[in-house]
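In what follows, a single structure is set out as structure tokens and then discussed.
The values are calculated or read from the model by the stated rules, or taken from the named source; none is laboratory data. Owing to the predicted nature of the structure, the values given are computational and were not obtained by experimental measurement. Glycine gets a Cβ as well: all are built from the backbone with ideal geometry, and neighbour counts include every protein chain shown. Surface areas here come from the heavy atoms of the whole protein model, side chains and all, with no ligands, DNA or RNA. Shrake-Rupley method; radii C 1.70, N 1.55, O 1.52, S 1.80 Å.
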Amino acid sequence: QVQLVESGGGLVQAGGSLRLSCAASGSIFSSYAMGWYRQAPGKQRELVATIWSGGSTNYADSVKGRFTISRDNAKRTVTLQMNSLKPEDTAVYYCNRPPGYSYYTWGQGTQVTVSS
């Protein structure tokens, strides 16, 4: 059974940076695409970044140019580097498979709060 643990969130001022980490265990990590999602209170969960097994990436327009997703297959981790943070980035961030794949059990997420 795959377990996902997100970490690295916190409170940061607008314009600041955070680096989120997703640790995965219990499955073959390098064979699977992974994504970062976020969900703000009262809103639907949205996909913000995807990294494919071959290393290519996709980003939501709202974060393009500011966020970078990467992976370390040996460490079974996926990272989201977030720069130039905006208050609208405030949300709980989760990692999981991209849409179209069966989701793993969702982790607890990590809270990102950006103050203006």
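At-a-glance table
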| read-out | value |
| --- | --- |
| Residue match in the range 99-107 (condition: assigned to a strand (DSSP E or B), open to solvent by less than 80 Å² (accessible area, probe 1.4 Å) and touching a residue at least 12 places away in the same chain (Cβ under 8 Å)) | no |
| Top-ranked residue of the range 13-38 - restricted to ones that are open to solvent by 20 Å² or more (accessible area, probe 1.4 Å) and of a type in the set (A, V, I, L, M), ranked as modelled with the lowest pLDDT | Ile28 |
| Test: residue in the range 63-70 that is without any contact (Cβ under 8 Å) to a residue 60 or more places away in the chain, farther than 24 Å from Ser116 by Cα, surrounded by 13 or more Cβ atoms within 10 Å (Cβ to Cβ) and not basic (Lys, Arg) | yes |
| Selection within the range 93-116 - among the hydrophobic types (A, V, I, L, M, F, W, C) and farther than 12 Å from Leu47 by Cα | Trp106, Val112, Val114 |
| Every pair of residues 6+ apart whose Cβ atoms lie under 7 Å, when the first sits in the range 73-96 and is at pLDDT 95 or above and aromatic (Phe, Trp, Tyr) while the second is in a loop (DSSP other than H, G, I, E, B) and open to solvent by 40 Å² or more (accessible area, probe 1.4 Å) | Tyr94/Trp106 |
| Where a residue in the range 38-55 is assigned to a loop (DSSP other than H, G, I, E, B) and its partner, wherever it lies, is at pLDDT 95 or above and exposed (fewer than 13 other Cβ atoms within 10 Å of the Cβ), with Cβ under 9 Å and at least six apart | Ala40/Glu88 |
| Verdict on Asp61 being at pLDDT 95 or above, on the phi < 0 side of the Ramachandran plot and acidic (Asp, Glu) | yes |
| Any hit, the range 77-91, residues being touching a Ser or Thr at 6+ places or on another chain (Cβ under 6 Å), open to solvent by 50 Å² or more (accessible area, probe 1.4 Å) and not in a loop (DSSP other than H, G, I, E, B) | yes |
| Residue in the range 60-79 that is nearest to Glu46 (Cα to Cα), counting only those that are small (Gly, Ala, Ser) and within 13 Å of the chain's Cα centre (by Cα) | Ala60 |
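Rundown of residues vs (1) touching a strand residue (DSSP E or B) at 6+ places or on another chain (Cβ under 7 Å); (2) among the small types (Gly, Ala, Ser), yes/no style:
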position	(1), (2)
Arg19	yes, no
Gly35	yes, yes
Lys43	no, no
Ser53	no, yes
Val63	yes, no
Ile69	yes, no
Pro87	yes, no
Cys95	yes, no
Gly107	yes, yes
